[in-house]
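Student: Just passing along the structure, written as structure tokens.
The values are calculated or read from the model by the stated rules, or taken from the named source; none is laboratory data. Since we're looking at a predicted model, the values are computed, not measured. Positions of Cβ are backbone-derived with ideal geometry, glycine not excepted, and every protein chain shown enters the neighbour counts. Heavy atoms of the whole protein, side chains included, go into the accessibility calculation; ligands, DNA and RNA do not. Shrake-Rupley method; radii C 1.70, N 1.55, O 1.52, S 1.80 Å.
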Amino acid sequence: GIGLENLLPASDAEAQVLKIVIQHATASPDLSRVLVGFGVVDTSKESGASEDLASKITSSHVAVAHVPLLAARSRELRDVAAHAAALAAANEATRELVTTCCASWKKARAGFSKAVATLAKRAREEQDAEGGGMNDATLTEPLNPSLEDRFVSLLAVGDVDAVLEQFLAHEFDA
């Protein structure tokens, strides 16, 4: 190929009056090739101030550079941008889901708190109606809750033992 040493004169005195001017530069869409059009300008020519640089060009040249590394980096940057866009979309979707879940959980928690408060109120009323609270003698007696009491207590705490699970599976298997 032709390098700058082939375009400009070898002596320093001549090189001081000759300069290179880029006339055109373009890149291929995938950035794998770059085309540059340039001209050698003779600055020693006397010219008026109104004269443009194009009239001082003594020779024009075109160079094409193959830059596959630049093309690879362009593809990599495009892939990174696509991944970033997908992550941003996933982040926004997650944010919307969390907001929706938060609102649902707030409503559910408010309903649950209201139901537990009502249950506690009824338990206190029933306890007061039976003549006070539990005494030490009541605590030493074995508790034999009814099936309904056991079912309600297990549902209230969200715990299902094997017996209740078998019962529910049998009843709702149809």
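Student: Leaving out ligands, DNA and RNA but keeping every protein chain, what accessible area does VAL157 have, in Å² rounded to the nearest 10, with a 1.4 Å probe?
Tutor: Surface accessible to solvent at VAL157 totals approximately 110 Å².
Student: Apply 1/(1 + (r/R0)^6) to the Cβ-Cβ distance of THR26 and CYS102, taking R0 = 45 Å, and write down the FRET efficiency to the nearest 0.05. Can you show the working numbers first?
Tutor: Numbers: r = 53 Å, r/R0 = 1.18.
In this case the efficiency is close to 0.25.
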